[in-house]
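What follows is a set of notes on a single structure, which appears directly below.
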Amino acid sequence: MKSLGSIRKDFAPWNDSNAKPYIQFEQVTKKFGDFTAVNNLSLTIFEREFFALLGASGCGKSTLLRMLAGFEEPTSGRILLDGQNLAGIPPYRRPVNMMFQSYALFPHMTVEKNIAFGLKQEGMPAPEIEKRVAEMLKLVKLEAFAKRKPHQLSGGQRQRVALARSVAKRPKVLLLDEPLGALDKKLREETQFELMDLQQQLGLTFVVVTHDQEEAMTMADRIAIMDKGEVMQVATPAEVYEAPASRFVASFVGNVNIFEGKVIERTAQGAQLAGANGVQILVENAGDAVAGAEVAFAIRPEKIRVSSKRPADAANAMEGLVYDIAYLGDMTVYHVKLDNGQIVRASAMNATRTTDDPLTWDDRAWISFRPDAGVVLTR
Ligand code: ATP
């Protein structure tokens, strides 16, 4: 059997100029009174994509999902599904199903009745319903729980019933609003992989709303980072992390150190930057930043090395004081206060049980990094 990764690794229709978008938001705005929840937003999602909408509470991600499901109509703009304008089409006539945060299971019905409910309403013949329910129970590995009621299940099992119920009608698109919100951390992580498996098996398009960046990074083919009703960047998890488009995206996803500065010189290899109080940074990934531009340099903590002496070969090195140390087991996080006052976060994997270069609070220390370790941000 092929692994999940091997199927997904070649999946990138967004890089194929001939690929037809499946879901299209075209300049969509949604206003509630004077308040603009979604602002002139354009976005395309491809068939079989696992797409995540990521953003802080209130950024408009649920509103976007609700418009796709048909529970809200856009104030202006269009939403197309497989080329068809969805305007005026009621939710039940859209090939879209939504799984809600609260799951909304019927408490008095057994697991199998919960799953069968929508099929019955649709008028599916009983033998077919029975077959489909059995198929769904198998899919979410709940065959042994068919006769139980929701209160006799764990949170994770309830979540799987809700999922089975949402996919039972075989929608083309499944919308999931914080699908794992009610689960504890460990179960969430397990369930993330189950969801990815399920999506692959069924060949559906998933659009998931989450405010949990790790969840989005784990599951999604692409992520749209949203802020105040607008999309800040749409990219794969690796691109969002390694090549954020702006200070906002860099800070929103993962930990980052930001050095504000100016481009002193563009070189053939990249650029030389000057930061506050004489900090000099040599970078390779300077994008389209021109000489003289005010920019930021963003670098992730794991790409910074901390040492007691200045490494001889370091293109970039700055001296400071070990201000804080957090030992997390698998890694250690250092906060180094540079001589210019800025606190830099650096993390080191604890690949061995002891270290040759132990550093402790108030030690003088050097942080160093390679020219290709970070990116220049112009926004
Ligand atoms: P959360 O993660 O908290 O669910 P969200 O990003 O999904 O947040 P939305 O539910 O899309 O946010 O809401 C976006 C904004 O629109 C919020 O400020 C919200 O208060 C507002 N809003 C949503 N629905 C309505 C409504 N029916 N009437 C008025 N304002 C609304």
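Looking at Lys141 and the list (1) surrounded by 16 or more Cβ atoms within 10 Å (Cβ to Cβ); (2) outside any helix (DSSP H, G or I), which single condition is not satisfied?
Checking Lys141 against (1) surrounded by 16 or more Cβ atoms within 10 Å (Cβ to Cβ); (2) outside any helix (DSSP H, G or I), the one that fails is (1).
Sort out which residues of region 73-90 are within 16 Å of the ligand (Cβ to nearest atom) and surrounded by 15 or more Cβ atoms within 10 Å (Cβ to Cβ), and write them in order of number.
Result: Pro74, Gly77, Ile79.
Of all residues in region 30-72 being aliphatic (A, V, I, L, M) and near the ligand (Cβ under 9 Å from one of its atoms), which is farthest from Pro90 (Cα to Cα)?
Among those that are aliphatic (A, V, I, L, M) and near the ligand (Cβ under 9 Å from one of its atoms), it is Ala56.
Kindly evaluate Leu54 against the criterion of being in contact (Cβ under 8 Å) with a residue 40 or more places away in the chain, within 29 Å of Asp197 (Cβ to Cβ) and not in a strand (DSSP E or B).
No; evaluated as a whole, the condition is false for this residue.
In this structure, does Val140 turn out to be modelled with pLDDT under 90, of a type in the set (A, V, I, L, M) and more than 16 Å from the ligand (Cβ to nearest atom)?
Considered against the rule, which asks whether it is modelled with pLDDT under 90, of a type in the set (A, V, I, L, M) and more than 16 Å from the ligand (Cβ to nearest atom), Val140 comes out as yes.
Could you figure out which of (1) touching a residue at least 40 places away in the same chain (Cβ under 8 Å); (2) hydrophobic (A, V, I, L, M, F, W, C); (3) out of contact with any strand residue (DSSP E or B) (no Cβ under 7 Å at 6 or more places or on another chain) isn't true of Ile23?
Going through (1) touching a residue at least 40 places away in the same chain (Cβ under 8 Å); (2) hydrophobic (A, V, I, L, M, F, W, C); (3) out of contact with any strand residue (DSSP E or B) (no Cβ under 7 Å at 6 or more places or on another chain) one by one, Ile23 breaks only (3).
The values are calculated or read from the model by the stated rules, or taken from the named source; none is laboratory data. Computed from a predicted structure; not experimentally measured. As a convention, Cβ positions derive from the backbone with ideal geometry for all residues, glycine included, and neighbour counts pool all protein chains shown.
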